[in-house]
Amino acid sequence: MGRTFGNIGVLNLLEATEDSIKEVDSIKNVGTVLYRKENAHLLTKLAIGNIGATLEVPGDARFVTGVCTLDAAYLEAVDEPMTLLVTGIVVVDHDVTVEHIKRTACQLKVTGNLFVPPQLKGAIGLILKEGTGQVKVYEGAPPRLEVGVVMMTNGYLQGLQTNTHLIVNGQLTLAADLDLDLFHEKIWAIEVNGKVKVYSNQQAAFYQKGQVTGVATVIPEGFEPISSSLRINARSIRRFRQQSIYTESPIIFEAGISREAFEQAISSIHSTSFIVCHEDIEDLIYERLERLETDVLTFANQLRYVGKEENWTASDLLGLEKGTEVIVDGILTLSEDIEESLLNERIGEMDILGEVIVQHATQKALIQRKGRLISGILTVASEVREEVQVENIGTLSL
């Protein structure tokens, strides 16, 4: 079983050996690779795609991840040559002078941005030997780094110093009721590495301050964001009152929802995913869509939705009603004991947005005939390569 890694911020090969990399099949999308002169040959043995930068690290280097703050006392204390390798950001404090920069024996290698007071923008190059980011000037409070999921509320802003430079590695969401005057007072600049969600009335204010490396999503004003997939039945739809819904995940309207109940509950839908509904309310769904690109998948009989990972045997199919329509958004595996006649009887149309794994060509051919929409993967189990996939890692050490 091989391992495949994707979206790695820093690939640390400083202690890597032939044995530690032998089970790695491939690595995709790496921001920075760190290696030593002694094991540089390992780079040619790894199947690495899309590398942002590579840094050779001296044997005596000190390694820091996250935020590294350099003040006058630290620079004065380094009186013998020393390389400081930082994967993250470096903040040079206001008490550092040009003389501190000239006298220190500290050398910098940085895989990220370096923030300095205005008077040090030129002088910092004396100790910055290698870097993959930018040298940026800050005024007022030192930059603040947040990692993970951040909800910017009025309370969050009140806890910040005036003119804060905010850096978010992860996801930032601006609350719907955010005080934009307070936002302008507290935020001097924002950098988002990942994803940001703002409401349309906040968009101009955010981009006056913000820079995004990743994905920016604008939620229409007046819409209620839904963060996960939503299943609505004839009972649960009663909690909606002419609401406008924004979602990036599937919405499933189950059978039994009357046209009157739907019209009273849903005012409009802004979806970047897809919607599943009974054909009785299909026209009402289309009337309320904000985006023409949104797919609407209908069903006439019974529906089975596969959203995660499921394994079906013959007994599972016997539990379905004849002609059940199936939508696969996750991974569905059919077992060897499912005969063609049973498959043909129990499953009506099938939409494959995720992955369906069958055991032989006969099953595959039948699924293809029943496929209404096949934008995902349909494959035979013998063709599936067993591997472990790991994605979105800040630092990976091999």
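Tabulated results
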item: Count of segment 1-28 residues which are under 22 Å from THR132 (Cα atoms) and in a strand (DSSP E or B); result: 10
item: Residues satisfying the stated conditions in segment 192-201, i.e. out of contact with any Gly (no Cβ under 8 Å at 6 or more places or on another chain) and either farther than 20 Å from TYR246 by Cα or part of a strand (DSSP E or B) (or both); result: LYS197, VAL198, TYR199
item: Test for ILE327: is it open to solvent by less than 20 Å² (accessible area, probe 1.4 Å), assigned to a strand (DSSP E or B) and assigned by the TED database to the domain that holds THR362; result: yes
item: Qualifying positions in segment 152-164 - open to solvent by 10 Å² or more (accessible area, probe 1.4 Å) and either at positive phi or not in a loop (DSSP other than H, G, I, E, B) (or both); result: ASN154, GLY155, TYR156, GLN158, ASN163
item: Residue under evaluation SER258, criteria (1) loosely packed, with under 14 Cβ neighbours inside 10 Å; (2) in the same structural domain as GLY371 (by the TED database), criterion not met; result: (2)
item: Residue tally, condition of a type outside the set (Ser, Thr, Tyr) and open to solvent by 20 Å² or more (accessible area, probe 1.4 Å), over segment 330-347; result: 9
item: Unique residue being open to solvent by 30 Å² or more (accessible area, probe 1.4 Å) and either over 28 Å from GLY148 (Cβ atoms) or assigned to a strand (DSSP E or B) (or both) when the list is ALA216, ALA176, ALA204, ALA189; result: ALA216
item: Which listed residue is surrounded by 17 or more Cβ atoms within 10 Å (Cβ to Cβ) and either under 30 Å from GLU224 (Cα atoms) or not assigned by the TED database to the domain that holds LYS197 (or both), from TYR286, TYR305; result: TYR305
item: Top-ranked residue of segment 98-127 - restricted to ones that are in contact with a helix residue (DSSP H, G or I) (Cβ under 8 Å, 6 or more places away or on another chain) and loosely packed, with under 15 Cβ neighbours inside 10 Å, ranked as farthest from GLN211 (Cα to Cα); result: ARG103
item: Selection count, segment 54-87, where residues are open to solvent by less than 20 Å² (accessible area, probe 1.4 Å), of a type in the set (A, V, I, L, M) and under 24 Å from ILE167 (Cα atoms); result: 6
item: Complete set of residues in segment 29-50 that are surrounded by fewer than 16 Cβ atoms within 10 Å (Cβ to Cβ) and in a strand (DSSP E or B); result: GLY49, ASN50
item: Failed item in (1) of a type outside the set (Asp, Glu); (2) within 31 Å of the chain's Cα centre (by Cα); (3) assigned to a strand (DSSP E or B), with GLY348 passing the rest; result: (2)
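The values are calculated or read from the model by the stated rules, or taken from the named source; none is laboratory data. Computed from a prediction, not measured in an experiment: that's the story for all the values here. As a convention, Cβ positions derive from the backbone with ideal geometry for all residues, glycine included, and neighbour counts pool all protein chains shown. We work out accessible area using only protein heavy atoms, side chains counted, and drop any ligands, DNA or RNA first. Shrake-Rupley method; radii C 1.70, N 1.55, O 1.52, S 1.80 Å.
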